[in-house]
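Engineer: Mind looking over this structure? Questions follow.
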Amino acid sequence: MNETPMRVYAEIDLDAVRGNVRALRERAPRAELMAVVKSNAYGHGALACAKAAQEAGATWLGTATPEEALALRAAGVEGRILCWLWTPGGPWRKAVEAEVDVSVSGMWALEEVREAARAAGRTARIQLKADTGLGRNGCQPADWEELVTAAVAAQAEGTVQVTGVWSHFACADEPGHPSIQLQLAAFRDMLAYAEKEGVEPEVRHIANSPATLTLPESHFDLVRCGLAIYGVSPSPELGTPAQLGLRPAMTLKASLALVKTVPAGHGVSYGHHYVTEHETTLALIPAGYADGIPRHGSGAGPVLVGGKIRRVAGRVAMDQFVVDLDGDHARVGDEAVIFGDAERGEPTAEDWAQAAHTIAYEIVTRIGGRVPRVYLGG
């Protein structure tokens, strides 16, 4: 429990992170687990969550950008780290020297990492990413032969070691979607070709959180778990966190900044999209879209105040929003839970996602830097 009153803060339960990692490992008992801690661990805090995940048995960490990976190394985090979102001129040499595995999706990236390896006088660890149908990052099947041939040649000269072959699902959060089996087949084909040409990957991986939970045949040597590690369901279709054996790690709380009685017909917040129907009590929540509260949740976002779920009254502003207590009593400083764990009767990130017409990934990840993180179970 936070003992110092704060405007708004996010409690991060590291025991929940550890428990979720263990639960996910049980879903894929023959595979290693990568804890994806990109984007500040989906808003939860990369360093603290990386350490907690490793303590629970995660053998790999995953980041999008090299800067995220290098920050973990600078903070003393050891073990295997893969980063995958590169642009020309990126810090390849620093990554090589920090023993970060880097993803390669095209010839330009292979050439740049080879140059960095020569400059560092070390062998770069690379993983070849195949585009099996997502159409985003990754090497197209038509270009795979060229990339594999060049990677094998680079490995023979000692500038690189190919440690992995991997891909990413487009629709694993939609069980039964036809693209899932098509991507699996493409991945097996591209993997088989690479191995035939001399690639001996340590890890082969395509499974993200939803595939880890629902698609055992996709687990291969390693599963990459992101959102599920933080106890949020990757998709309502897959079930609630409790149904999936997960526990939300983040609880977003605020202290009421003002409570006041207003008459019937009183407009609330910008544009007066909410007008009180009768005399009522309004409570001011000192958090807004600058903190990551979605403006699209105006008029709909749920908040727990005084043991009841209330809804945002009117528009979410930059720093604050209002809830109508419908005449109930509250005091300045009382706690408001913006989202947390449904098992405690709190609104959830998924509830906010539904209210804002988005996904739970965005709700937790967008919680801003001016919101303090308070770690429990550290």
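Engineer: Rounded if a/c is under 1.5, else prolate if a/b is larger than b/c, else oblate: which is the range 268-334, with a ≥ b ≥ c the root eigenvalues of its Cα gyration tensor?
Structural biologist: Details: a/c = 1.80, a/b = 1.26, b/c = 1.43.
Note, shape of the range 268-334 comes out oblate.
Engineer: Could you tell me whether the range 93-236 comes out rounded, prolate or oblate from its Cα gyration tensor? Rule is a ≥ b ≥ c as square roots of the eigenvalues, rounded for a/c under 1.5, then prolate if a/b exceeds b/c, otherwise oblate. Please list the in-between numbers first.
Structural biologist: Numbers: a/c = 2.40, a/b = 1.65, b/c = 1.46.
Prolate, since a/c reaches 1.5 and a/b exceeds b/c.
Engineer: Starting from 0.36 nm per residue, how many nanometres of slack lie between Lys94 and Glu78 once their C-alpha separation is accounted for?
Structural biologist: Details: separation 16, 0.36 × 16 = 5.76 nm, distance 1.52 nm.
Between Lys94 and Glu78, full extension yields 4.2 nm more.
Engineer: Which net charge results when you count Lys and Arg as +1 and Asp and Glu as -1 among the other residues whose beta-carbon is under 11 Å from that of Glu277?
Structural biologist: Summing Lys/Arg as +1 and Asp/Glu as -1 gives -3.
Engineer: Next question. Test of understanding: what is the full-extension gain from Thr149 to Thr358, defined as 0.36 nm times their sequence separation minus their Cα-Cα distance? Write down the numbers at each step before the final one.
Structural biologist: Working: separation 209, 0.36 × 209 = 75.24 nm, distance 4.17 nm.
Gain on extension, Thr149 to Thr358, equals 71.1 nm.
Engineer: Same structure, new question: Rounded, prolate or oblate: pick one for the range 28-187, where a ≥ b ≥ c are the square roots of the eigenvalues of its C-alpha gyration tensor, a/c under 1.5 means rounded, and failing that, prolate if a/b is larger than b/c, else oblate.
Structural biologist: Because a/c hits 1.5 or more and a/b fails to exceed b/c, the range 28-187 counts as oblate.
Engineer: For Gly288, what is the net charge nearby, where nearby means another residue's Cβ is under 13 Å from its Cβ and Lys, Arg count +1, Asp, Glu -1?
Structural biologist: Working: positive: Arg7, Arg295, Arg315, Arg366, Arg370; negative: Asp291, Asp319.
Taking every other residue near Gly288 into account, the sum is +3.
Engineer: Over the chain, what percent of the accessible surface lies on carbon and sulfur atoms, probe 1.4 Å? Numbers along the way, then the final one.
Structural biologist: Details: 7890 of 15940 Å².
Using a 1.4 Å probe with all protein chains present, the chain comes out at 50 percent carbon and sulfur.
Engineer: Roughly how many Å² of Glu346 are accessible to a 1.4 Å probe, to the nearest 10?
Structural biologist: 30 Å²
Engineer: At each listed q (0.18, 0.24 Å⁻¹), what is the log10 of I(q)/I(0) that the Debye formula gives for the range 168-285 modelled as equal alpha-carbon point scatterers?
Structural biologist: -0.93, -1.27
Engineer: Under a crude label model (7 Å from the Cα following the beta-carbon direction), how far is Val262 from Arg7 in nanometres?
Structural biologist: For Val262 paired with Arg7, the spin-label model returns 2.1 nm.
Engineer: Would you mind checking the pairs Lys38/Lys196; Lys38/Lys129; Lys51/Lys253 and listing those with alpha carbons more than 21 angstrom apart? Spell out each step's value before the answer.
Structural biologist: Values: Lys38/Lys196 33 Å; Lys38/Lys129 18 Å; Lys51/Lys253 24 Å.
From the list (Lys38/Lys196; Lys38/Lys129; Lys51/Lys253), the Cα-Cα distance tops 21 Å for Lys38/Lys196; Lys51/Lys253.
Engineer: Simple spin-label model, 7 Å along Cα-to-Cβ: Ile309 to Arg22 in nm?
Structural biologist: 3.0 nm
Engineer: Okay, helix-only estimate at 222 nm for the chain: each DSSP H run of n ≥ 4 adds -39500 (n - 2.57), divide by all residues, round to 500 deg cm²/dmol; what do you get? Numbers along the way, then the final one.
Structural biologist: On the way: 11 runs with 114 residues, N = 378.
Mean residue ellipticity at 222 nm (helix-derived): -9000 deg cm²/dmol.
Engineer: Roughly how many Å² is the accessible area per residue of the range 250-290, as a whole number, for a 1.4 Å probe?
Structural biologist: Working: 1970 Å² over 41 residues.
I get 48 Å² per residue for this part.
Engineer: Over all Cα pairs of the chain, how is the pair count split among 10 Å bins, expressed in % and running from 0 up to the last occupied bin?
Structural biologist: Percent of Cα pairs in each bin: 5, 23, 27, 21, 13, 7, 3, 0.
Engineer: Given a Förster radius of 51 Å and the C-beta distance between Arg118 and His177 as r, what FRET efficiency does 1/(1 + (r/R0)^6) yield to the nearest 0.05? Provide the component values of the computation, followed by the final result.
Structural biologist: On the way: r = 43 Å, r/R0 = 0.85.
Efficiency, rounded to the nearest 0.05: 0.70.
Engineer: Determine the gain in length on full extension of the stretch His272-Lys196; use 0.36 nm per residue of separation and subtract their C-alpha separation, reporting nm with one decimal.
Structural biologist: Details: separation 76, 0.36 × 76 = 27.36 nm, distance 6.64 nm.
The span from His272 to Lys196 would gain 20.7 nm if fully extended.
Engineer: Related question: Roughly how tilted is helix 178-196, in degrees to the nearest 10 and between 0 and 90, from the longest Cα axis of the chain?
Structural biologist: For helix 178-196, the angle is close to 30 degrees.
Engineer: Say R0 is 30 Å: what FRET efficiency, to the nearest 0.05, do Glu279 and Arg331 get from their beta-carbon distance?
Structural biologist: 0.95
The values are calculated or read from the model by the stated rules, or taken from the named source; none is laboratory data. Just so you know, these numbers come straight off a predicted model, no measurement behind them. No Cβ is skipped: glycine too gets one built from the backbone with ideal geometry, and neighbour counts run over all protein chains shown. With ligands, DNA and RNA removed, areas are computed over all heavy atoms of the protein, side chains included. Shrake-Rupley method; radii C 1.70, N 1.55, O 1.52, S 1.80 Å.
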